[in-house]
1. Going from most exposed to least, what order do Leu20, Leu87, Leu137, Leu156 have by accessible area with a 1.4 Å probe?
2. Arg153 accessible area, nearest 10 Å², 1.4 Å probe?
3. Solvent-accessible area of Thr74, probe 1.4 Å, all protein chains present, reported in Å² to the nearest ten, please.
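The values are calculated or read from the model by the stated rules, or taken from the named source; none is laboratory data. Every value quoted in this text rests on a predicted model; they were computed, and no experiment measured them. All accessible areas refer to the heavy atoms of the entire protein, side chains included, with ligands and DNA or RNA removed. Shrake-Rupley method; radii C 1.70, N 1.55, O 1.52, S 1.80 Å.
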Amino acid sequence: LLHRHSIHAPHSSQLSDLILENISVGTVLSTDDPNDTKSPPTPSSSNKKTKSTPLPPQEEPNVFGFATVINLTTHHSTPCIQSLKSLCLSKCPPQHKPEMETVLSGKTKRPAGFFFQERMVNVPMEITEVMHQQLVLDMDWAVENAEGGEEERKSLDFGAFVRLAPCSGSGGGGSGVIY
């Protein structure tokens, strides 16, 4: 999902690694194994009298979307984070640049984080709200249950979020993606 947008494509592998390492904060929208006997039967499947052929087992679930936040201070030296910071500053309107520089500097009272959220095109928009709500719950849980003590707790208590949202320009004047 990360390689769909030109802003993430050059560093999609490195970003994926950061996201996977970030086990405290993040939520994934995925499928369940239909052969899992631990799952309660759905009303439609429990009423069936016919025997169905089981599907082949899934080695891993199918991922349809995710939401996570990567700490800008903790990962300030990572090339993909440096590249995204540069992109933010280059696309930031001049009147907001000083504020953006402060947020991206890592010298704020509470850390800033890059907010990443992607979903397959055919996933309903209503699911996005649920993913965001779950992400907030994950962040709250991570702050309350930080195993690394006070330092880790502070690194998970974000004060600002930065989201690069690619948009297509309208009108005949220009083509391409704007941020």
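1. Leu20, Leu137, Leu87, Leu156
2. 70
3. Surface accessible to solvent at Thr74 totals approximately 80 Å².
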